[in-house]
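Enquirer: Dropping the structure in here first, questions after.
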Amino acid sequence: MCAASRGRQRLCSIVTHRLALLAATAATLLTPAAAHAAGDVPRPHSDFTIRDQGVRIARFDVYAQPRDGRIRVGVTMTARARSRDLTLVLRIGRCTRGRPTLPTCEPNASRRVRLHPSKTSIVHMTALVPRPFARTNAIRISLTPRGRIVRAHRDPFAGIVDMLLPASAWTKFPAVAFGVRIARPWEGDGLPVDVRALTALGTQVSATALRASLQWHATAPPATPITTVFGPCAMAIDPCVPFSGVTTLSPVGTGAFSVRRTLEPPNGTRILEFKAATAGNFLFGLRMPWPR
């Protein structure tokens, strides 16, 4: 039909161009629900990682609270170097761009930390951070070697601690501390299990459901059994039945655990917990918020 004359061909070209512009404009005006259904809105994350790198972390707690249009972030860390003195940097920064799974979070505040193998260091740090951008909507807290660029935990040069704290931490749970507690074998408490690495990820897959995964690596005497319990059970009012698994360390005294589950919060409680124990003794506990 458009090939009948040169004038008609030109008219068809103009109409086609304007239809394309209208389609592009409509795509940008999708409602959040429609955009999510179309797969255009990335799924928010809640991540926490510890990598050994010569440091034993016993406690890493973070809270976030709204304060005068910004976010007040507090960090408490208990740690010790394994074999030599280390100078590290603790950083806090809002995420401003990039994908929610791998955002760019330039530090807004930093503090130099000195760790020693012969004594335990307790570090406190607070900072007022500008609100993160809506697309990323998270704050990153990290502990890295001095001078090293802050990277996501998936990078081979990732820091010792890397935590991606979503907005739900300060909008829904401003009085709750999130992070990890690990038993400290250097204190002679009779628990010879050494947690060498720990990674927990939470990905929001629907309005309520969370796809959670946990991985840990540890060393201990051969055949040591370690029980791992996980689920959305923190602060639950109704009884919550968590998932669990038992790992028996190998004859050479090393072991690992990995699990991935889709979870629904009981009674609307949106806090995720991971716990591990051996012979009834606490090994580690990790608490994370639902991303939204």
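The values are calculated or read from the model by the stated rules, or taken from the named source; none is laboratory data. For clarity, every value in this text was computed on a predicted model and none was experimentally measured. Glycine gets a Cβ as well: all are built from the backbone with ideal geometry, and neighbour counts include every protein chain shown. Accessible surface areas use protein heavy atoms only, side chains included; no ligands, DNA or RNA. Shrake-Rupley method; radii C 1.70, N 1.55, O 1.52, S 1.80 Å.
Enquirer: All but one of (1) out of contact with any His (no Cβ under 8 Å at 6 or more places or on another chain); (2) closer than 21 Å to Thr101 by Cα; (3) at pLDDT 70 or above hold for Pro32; state the number of the condition that does not hold.
Expert: Result: Pro32 passes all but (3).
Enquirer: Another question about this same structure. Counting only residues that are touching a helix residue (DSSP H, G or I) at 6+ places or on another chain (Cβ under 8 Å) and open to solvent by less than 70 Å² (accessible area, probe 1.4 Å), which one in the range 184-200 is modelled with the lowest pLDDT?
Expert: Of the range 184-200, the ones touching a helix residue (DSSP H, G or I) at 6+ places or on another chain (Cβ under 8 Å) are 191-194.
In the following step, the residues that additionally are open to solvent by less than 70 Å² (accessible area, probe 1.4 Å) were identified as 191, 193-194.
Details: Leu191: 64, Val193: 83, Asp194: 86.
Only one residue fits best here, namely Leu191.
Enquirer: Would you check if there is a residue in the range 152-165 being assigned to a strand (DSSP E or B) and open to solvent by 10 Å² or more (accessible area, probe 1.4 Å)?
Expert: no
Enquirer: Tally the residues that are modelled with pLDDT of 75 or more, touching a Lys or Arg at 6+ places or on another chain (Cβ under 9 Å) and not small (Gly, Ala, Ser), restricting the search to the range 216-256.
Expert: Selection size over the range 216-256: 8.
Enquirer: Checking the structure you have, find out if any residue of the range 44-56 is of a type outside the set (A, V, I, L, M, F, W, C), more than 21 Å from Ser118 (Cβ to Cβ), in a strand (DSSP E or B) and over 15 Å from the mean Cα position of the chain (by Cα).
Expert: No, the range 44-56 contains no residue that is of a type outside the set (A, V, I, L, M, F, W, C), more than 21 Å from Ser118 (Cβ to Cβ), in a strand (DSSP E or B) and over 15 Å from the mean Cα position of the chain (by Cα).
Enquirer: Okay, moving on. If I ask for residues that are open to solvent by 50 Å² or more (accessible area, probe 1.4 Å), part of a strand (DSSP E or B) and basic (Lys, Arg), which ones from the range 108-151 would you list?
Expert: Arg111, Arg112, Arg114
Enquirer: Can you say whether Asp61 is in contact with a His (Cβ under 7 Å, 6 or more places away or on another chain) and under 29 Å from Leu210 (Cβ atoms), as far as the supplied structure shows?
Expert: Values: in contact with a His (Cβ under 7 Å, 6 or more places away or on another chain): no; under 29 Å from Leu210 (Cβ atoms): yes.
Judged against the criteria, Asp61 is not a match.
Enquirer: Still on this model: Residue under question is Thr78, and the condition is that it be assigned to a strand (DSSP E or B), open to solvent by less than 30 Å² (accessible area, probe 1.4 Å) and hydroxyl-bearing (Ser, Thr, Tyr); does it hold?
Expert: Against the criterion (assigned to a strand (DSSP E or B), open to solvent by less than 30 Å² (accessible area, probe 1.4 Å) and hydroxyl-bearing (Ser, Thr, Tyr)), Thr78 qualifies.
Enquirer: Could I ask something else about it? Applying the selection to the range 84-107, what residues are farther than 20 Å from Arg146 by Cβ, among the basic types (Lys, Arg) and open to solvent by 60 Å² or more (accessible area, probe 1.4 Å)?
Expert: Taking the range 84-107 as the starting set, the residues that turn out to be farther than 20 Å from Arg146 by Cβ are 94-104.
Of the ones still in play, those that are also among the basic types (Lys, Arg) are 94, 97, 99.
Of everything in the range 84-107, those that are farther than 20 Å from Arg146 by Cβ, among the basic types (Lys, Arg) and open to solvent by 60 Å² or more (accessible area, probe 1.4 Å) turn out to be Arg97, Arg99.
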